[in-house]
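Have a look at the structure below, then the notes.
The values are calculated or read from the model by the stated rules, or taken from the named source; none is laboratory data. For clarity, every value in this text was computed on a predicted model and none was experimentally measured. Here the Cβ is made from the backbone with ideal geometry for all residues, glycine too, and neighbour counts use every protein chain on show. SASA here: full protein model, heavy atoms, side chains in, ligands and nucleic acids out. Shrake-Rupley method; radii C 1.70, N 1.55, O 1.52, S 1.80 Å.
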Amino acid sequence: MLVMIAEDDGLHRAFARGIIEQLWAGDVEVIEAANGNEAMDLANRRTPPCVVLDLQLPKVTGIEVARAIWSRRADTNILFWSNFADEAYVRGVARIVPPGSVYGYVLKSASEEGMRSALRGVFREGHCIIDREIRGIQHRVQDRREGITDSEYESLIDIALGLTDKAIAARRGLSTRGAQSRIQHLYDKLDLTGAGEGDSAPIFNSRTRAIYIALSRGLINIDALRREQHQFDAWLAGPGRAAK
């Protein structure tokens, strides 16, 4: 059994290695990576069937590492291991999991026994093991009344990247009015409509306020914005746009 641990903190790597080697004593080889680039290189060379993956890796994020691994081998079992329960990470993971793939999402605050159970469930028993707090966020994301939809999330990302209504419309294949309508739906969902009005003028800019609310609620974070900026750069460099 070959297991890769991709984690930039040495103490966390040692903790995970110790549990894995206890669980499968004499029947496991553990390989380690300290950043995203090392993880991708090691995964390409050794093709581990089981991966413990920190979401906040330096150089290349855990989301991008997982995407690359699953693009080559969709049956790789990945246990995401993170300090954070941000909706941005939960949504990011959900968007890249191939159909039928086995994965887990466990917080580093979990007990040692919780980590053992997650490792056994994902790597040996083929079960998807999701931390209770993460499961609650997944349910909120899927609740159309409470969570924001994928189209509303796209609008949030676009305004966080600083795009104009016209640019959003072009990127998403919408009319300008259609893009504005999506943004208004986002404002409604974030309870922004009318909330910024003072006696004679708005108290704040709705776009900026939406970004603040999204950051404070964990709907977006810097890793998500970097990832989305890369995708926007690729779109911008596409045929017929680079010369404009």
If we keep only residues of segment 152-167 that are out of contact with any His (no Cβ under 8 Å at 6 or more places or on another chain) and hydroxyl-bearing (Ser, Thr, Tyr), then the residue modelled with the highest pLDDT is Thr164
Would it be correct to say that Val90 is under 24 Å from Arg140 (Cβ atoms), open to solvent by less than 20 Å² (accessible area, probe 1.4 Å) and in contact (Cβ under 8 Å) with a residue 12 or more places away in the chain? yes
Scanning segment 221-244 for residues that are among the acidic types (Asp, Glu) and at pLDDT 90 or above gives Asp233
Is it the case that Ile137 is in a helix (DSSP H, G or I), of a type outside the set (D, E, K, R), closer than 30 Å to Ala179 by Cα and out of contact with any Leu (no Cβ under 9 Å at 6 or more places or on another chain)? yes
Within segment 1-21, track down each residue that is open to solvent by 10 Å² or more (accessible area, probe 1.4 Å) and in a loop (DSSP other than H, G, I, E, B). Met1, Asp8, Asp9
Given Leu42, Leu79, Leu53, which one is crowded, with 16+ Cβ neighbours inside 10 Å, out of contact with any helix residue (DSSP H, G or I) (no Cβ under 9 Å at 6 or more places or on another chain), modelled with pLDDT of 95 or more and on the phi < 0 side of the Ramachandran plot? Leu42
Under 6 Å between Cβ atoms, which residue pairs at least 6 apart in sequence (or on different chains) link something in segment 148-175 that is touching a residue at least 12 places away in the same chain (Cβ under 8 Å) with a partner that is of a type in the set (Asp, Glu)? Ile157/Glu228; Ile168/Asp158
Of the residues that make up segment 43-59, is at least one β-branched (Val, Ile, Thr) and closer than 22 Å to His139 by Cβ? no
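Here is a yes/no grid of residues against (1) over 24 Å from Tyr89 (Cβ atoms); (2) of a type in the set (D, E, K, R); (3) open to solvent by 40 Å² or more (accessible area, probe 1.4 Å); (4) modelled with pLDDT of 90 or more:
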{"residue": "Ala169", "(1), (2), (3), (4)": "yes, no, no, yes"}
{"residue": "Arg177", "(1), (2), (3), (4)": "yes, yes, yes, yes"}
{"residue": "Ser181", "(1), (2), (3), (4)": "yes, no, yes, yes"}
{"residue": "Asp191", "(1), (2), (3), (4)": "no, yes, yes, no"}
{"residue": "Ala195", "(1), (2), (3), (4)": "yes, no, yes, no"}
{"residue": "Ser200", "(1), (2), (3), (4)": "yes, no, yes, no"}
{"residue": "Ala210", "(1), (2), (3), (4)": "no, no, no, yes"}
{"residue": "Ser216", "(1), (2), (3), (4)": "no, no, yes, no"}
{"residue": "Leu219", "(1), (2), (3), (4)": "no, no, no, no"}
Can you confirm whether segment 23-31 contains a residue that is closer than 18 Å to Gly114 by Cα, assigned to a helix (DSSP H, G or I) and either open to solvent by less than 40 Å² (accessible area, probe 1.4 Å) or touching a residue at least 60 places away in the same chain (Cβ under 8 Å) (or both)? yes
Ile137: at pLDDT 90 or above and open to solvent by less than 50 Å² (accessible area, probe 1.4 Å), yes or no? no
Ala66 meets each of (1) among the hydrophobic types (A, V, I, L, M, F, W, C); (2) open to solvent by 10 Å² or more (accessible area, probe 1.4 Å); (3) outside any strand (DSSP E or B) with one exception, condition (2)
Could you look through segment 93-122, keep only residues that are assigned to a loop (DSSP other than H, G, I, E, B) and not small (Gly, Ala, Ser), and pick out the one that is surrounded by the most Cβ atoms within 10 Å (Cβ to Cβ)? Val102
